[in-house]
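Asks: Right, I'll just put the structure down here and ask away after.
Since every read-out is calculated from the coordinates, none of them should be taken as a lab result. Since we're looking at a predicted model, the values are computed, not measured. All Cβ positions, even for glycine, are placed from backbone atoms using ideal geometry, and neighbour counts span all protein chains on display.
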Amino acid sequence: MKIPFYIPYLNEEEIVEVTAAIQSNWLSKGPKTLEFEKEFAKKVGSQYAVGLNSCTAGLHLAQLALGIGQGDEVITTPYTFVATSNTILHCGAKPVFVDIDPLTLNICAEAIEQAITPRTKAIIPVHFAGYPCDMDQIREISKRYNLAIIEDAAHAVYTKYKDEPIGSIGDITCFSFYATKNLTTGEGGMITTNDEAIANQIRIMSLHGMSRNAWNRYAAKGAWYYEVEQAGFKYNMTDIQAAMGLIQLQKLEEMQTLRKQLAQAYNEALRETDELILPYDSPEHCHSWHLYYIQLKEDQVTITRNELIEKLNEAGIGTSVHFIPVPHHPFYQKQGYRLTDYPVAKKTYESIISLPFYPTMTKEAVMYVAETLKTILSLHKR
Ligand SMILES: *Cc1c(COP(=O)(O)O)cnc(C)c1O
């Protein structure tokens, strides 16, 4: 059996709609993007949404819109994709990492306060694998110290913190529609906010800082004239992406139901495997199940995490590791960061494996992965 790590769930409907977008002759940001923004905002319970070409662009513009720059500090987790912290550096600010909670693998909310200095401007929580961060506590700290909350919700389309959808909580929330994310447009992203001024600012900055976007300019009623008010970026979404995104949004409930069923199938198949720690979940929240990961209890086995990945690979099973912590990367080490300063992130990184997980994965494939894993572990018991 050959089981890839991920397959996007795309079918005829996306092909039809993307084809229609191409045939409409409107390829860049236009009516489809505006429609997708409106539908997406409705879905996550926010007032405004701005379509972008990535979540990275969203994180960058979110910080710029809040005036974060030289000399400022932004608190985030070391256990994330490097885009989170790279964008802090792009603004000229300094990433300050706070270690993670060993249970949820999200930023340890209790430890945030100790990291706050007079230079701290914002907190960027990352909802790892789609399980929400402790937003009550993060909100409370941010109020007390007057800090902004920018959520990295790259994994958290569909996630709810208690009854609140991610996208309706922080000052600005950034979503990713990258190829492997729960909802994809190939590449793409979206910011949501309830602040009209921030939404407008991000919209303008995503299109060169122009006061009117191309659609308004070229539409029949529009004019050729525009003004550049700021040195903006080229971060806009396209109507080809939005056409795919609208279909994906319609399919979201279905895709999420499948993800949840697969997570349950993995949980049941692996529940009694003492050498593994399974992903944390709580009925209090809605988990988006972006990833299904396991942690190897290395003191109970004679095989290393890397050897286990190799053995799974030999059995035709694709895996990944989320994440290589940011302070592990040579660039960050050159800035003086050390992974040993974040012992939980370090230990988690050394023991974690993301298993194959995608909506069209069959129960048989889940069983094959689980059985292969159990067989390998039983041969390497300590
Ligand atoms: C994928 C990802 C991003 C970046 O998303 P893009 O849309 O590719 O820019 C940022 N943060 C996290 C946690 C991610 O997993």
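Asks: Taking Rh as the Kirkwood radius, which is the inverse of the mean 1/r over Cα pairs, what is the Rg/Rh value for the chain? Working shown, then result.
Replies: Details: Rg = 21.4 Å, Rh = 21.7 Å.
Rg divided by Rh gives 0.99.
Asks: Let me ask something else. Before anything else, pin down the relative contact order of the range 236-326: Cα pairs under 8 Å, at least 6 apart, normalised by residue count, whole percent. It would help to have the intermediate numbers written out before the result.
Replies: On the way: 40 pairs, mean separation 17.9, N = 91.
20 percent.
Asks: When the distances between all Cα atoms of the range 91-248 are binned every 10 Å from zero, what whole-number percent does each bin get?
Replies: Histogramming the range 91-248 at 10 Å steps yields 10, 32, 34, 19, 6, 1 percent.
Asks: Now for a separate question. Mind ordering 177-184, 69-76, 336-343, 91-98 by average Cβ neighbours within 10 Å, highest first?
Replies: Values: 177-184: 21.8, 69-76: 18.2, 336-343: 14.1, 91-98: 20.0.
Result, highest mean first: 177-184, 91-98, 69-76, 336-343.
Asks: May I ask for the percentage of alpha-carbon pairs in the range 37-131 that lie more than 22 Å from each other? Before the final figure, lay out each step's value.
Replies: Numbers: 1526 of 4465 pairs.
Above the 22 Å cut-off, the range 37-131 has 34 percent of its Cα pairs.
Asks: I'd like the Kirkwood hydrodynamic radius of the range 281-331, using the inverse of the mean 1/r over distinct C-alpha pairs, in Å. Walk me through the intermediate numbers first.
Replies: On the way: mean 1/r = 0.0725 Å⁻¹.
With all distinct Cα pairs of the range 281-331 included, I get 13.8 Å.
Asks: Contact order normalised by length for the chain, with contacts defined as Cα pairs under 8 Å and 6 or more residues apart; what percent is it? Don't jump to the answer; show the numbers that get you there.
Replies: Values: 786 pairs, mean separation 86.9, N = 382.
The value is 23 percent.
Asks: Something else: Rounded to whole Å and sorted largest first, what semi-axes of the equivalent ellipsoid does the C-alpha gyration tensor of the range 200-353 yield via the square root of 5 times each eigenvalue? Display every interim value, and only then the final one.
Replies: Numbers: eigenvalues 387, 118, 38 Å².
Those come to 44, 24, 14 Å.
Asks: What ranking, highest mean first, results for peptides 49-59, 106-116 when packing means the other Cβ atoms within 10 Å averaged over each residue?
Replies: Numbers: 49-59: 27.1, 106-116: 17.8.
The peptides rank, most packed first, as 49-59, 106-116.
Asks: Which order, highest average first, do 24-35, 344-355, 284-295 follow once you tally other Cβ atoms within 10 Å for each residue and take the mean per peptide?
Replies: Result, highest mean first: 284-295, 344-355, 24-35.
Asks: Further question on the same structure: How much of the DSSP beta bridge set in the chain is antiparallel, as a percent to the nearest 5?
Replies: On the way: 23 of 38 bridges.
Percentage antiparallel, nearest 5: 60.
Asks: For the chain, what is the mean residue ellipticity at 222 nm derived from helices alone (per DSSP H run of n ≥ 4: -39500 (n - 2.57); sum divided by total residues; nearest 500 deg cm²/dmol)?
Replies: Details: 14 runs with 149 residues, N = 382.
When only DSSP H runs of four or more count, the value is -11500 deg cm²/dmol.
Asks: Test of understanding: what is the full-extension gain from L103 to Q333, defined as 0.36 nm times their sequence separation minus their Cα-Cα distance?
Replies: 80.2 nm
Asks: Could you tell me the distance between the Cα centroids of the range 7-83 and the range 130-194, to the nearest Å?
Replies: Each part reduced to its Cα centre gives a spacing of 12 Å.
Asks: If you take the Cα atoms of the range 329-382, find Rg, then find the Kirkwood Rh from the mean of 1/r over all pairs, what is Rg/Rh? If you can, show how the numbers build up before the last one.
Replies: On the way: Rg = 17.2 Å, Rh = 14.4 Å.
Value, to two decimals: 1.19.
Asks: Going by alpha carbons, how many degrees (0 to 90, nearest 10) lie between the helix axis of 55-65 and the longest principal axis of the chain?
Replies: Roughly 50 degrees, rounded to the nearest 10.
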